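First the structure, in the form of structure tokens, and then the observations on it.
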Amino acid sequence: MEMTDDDILILKDQYFPIEGVTKKPSSMIDDEWNKLDRKMISIICEYLEKNVYFTVSREKTTKRLWKNLHDLYKKNTSSRKVFLMKKLYNIKMKEGSSVFEHLNKFKIITSHLASVKIILDYEIIAILFMCYVSAYQPCQSRVIKYALSKKILGS
């Protein structure tokens, strides 16, 4: 079972800053709160990809950081759609990496796209995927046929 973002924050006893200063325990002094808030920002940023980090790195409070991440990942906004499409177009299969890992990344991104109502048909997915594995041309068609038959590719 995979832990959710909230589970990780609760486990690290860091959930309060997400709700903002209004949830600060009355027994906590401002310096302690500011340290906790700063620590929380660091913990969250530790788990972000570079391109996401640069998008939200200017935020000074955990509550604002969390809201921006929520807007970026959860809302069905135009910026979210653009972000996901760029992510899809920019993934590359690195030399020596596993085809399965690459398929998994590809599937995660297409699933996220489906969650914002962008459904790519199988032909488009196959064409995109062929572009990504072009360095592996000898096995390209077999990998794509396998991926499509197992519904690994597509939404």
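In table form, for the structure just shown:
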{"read-out": "Selected residue (criterion: surrounded by the fewest Cβ atoms within 10 Å (Cβ to Cβ)) from residues of region 1-37 that are of a type in the set (Asp, Glu), within 19 Å of residue 59 (Cβ to Cβ) and modelled with pLDDT under 80", "value": "6"}
{"read-out": "Selected residue (criterion: modelled with the lowest pLDDT) from residues of region 80-137 that are outside any helix (DSSP H, G or I) and under 20 Å from residue 54 (Cβ atoms)", "value": "92"}
{"read-out": "Selection status of residue 40, outside any helix (DSSP H, G or I), among the hydrophobic types (A, V, I, L, M, F, W, C), closer than 22 Å to residue 17 by Cα and assigned by TED's automatic domain parsing to the domain that holds residue 18", "value": "no"}
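The values are calculated or read from the model by the stated rules, or taken from the named source; none is laboratory data. As the structure is a computational prediction, the values presented were derived from the model and not from experiment. Every residue, glycine as well, gets a Cβ built from its backbone with ideal geometry; the counts of neighbours run over all protein chains shown.
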